[in-house]
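Colleague: One structure coming up, written as structure tokens, with questions to follow.
Bear in mind that the values in this text are calculations on the coordinates, not laboratory data. Because the structure is predicted, anything quoted here is derived from the model rather than measured. Methodologically, a virtual Cβ is constructed for each residue, glycine included, from the backbone with ideal geometry; neighbour enumeration extends over all protein chains shown.
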Amino acid sequence: MAAEPNQKKVVVNFQSVANAPKLRQSKFKIGGNEKFAKVIEFLRCQIHQDTVFLYVNSVFSPNPDELINDLYSGRSNALITFMFPAILS
């Protein structure tokens with residue numbers, strides 16, 4: 001998740017919830033001008049799972065087209081919680 005050299009970076013802290021596995025490294029940096037879709041794809045690759053739900057600060061699930069800077073309102077870090085869909089039997 002590298003960013004352009006002069007671009008402001010945001011520290012993303014991933015936290016697993018429920019049945020989702022914990023990441024060995026939970027903090028990553030991403031450029032503020034990147035779309036949230038890049039965060040989604042990055043996490044999917046890290047946990048080897050196609051379907052995952054992500055929430056910013058445990059409050060809302062943003063549109064993949066939203067920019068990271070817009071989601072974090074100028075703050076330099078944020079918490080992203082993630083979980084897998086429930087399995088109904």
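Colleague: Taking the stretch 9-18 on its own, how many of its residues are under 12 Å from the mean Cα position of the chain (by Cα), within 21 Å of F84 (Cβ to Cβ) and either among the β-branched types (V, I, T) or assigned to a helix (DSSP H, G or I) (or both)? It would help to see each step written out before you state the result.
Modeller: Let us first name the residues in the stretch 9-18 that are under 12 Å from the mean Cα position of the chain (by Cα), namely 10-16.
With the extra rule that they be within 21 Å of F84 (Cβ to Cβ), the set shrinks to 12-16.
Filter once more, so that each one left must be either among the β-branched types (V, I, T) or assigned to a helix (DSSP H, G or I) (or both): 12.
Number of matching residues: 1.
Colleague: Determine if the stretch 25-46 includes at least one residue that is over 10 Å from the mean Cα position of the chain (by Cα) and among the aliphatic types (A, V, I, L, M).
Modeller: no
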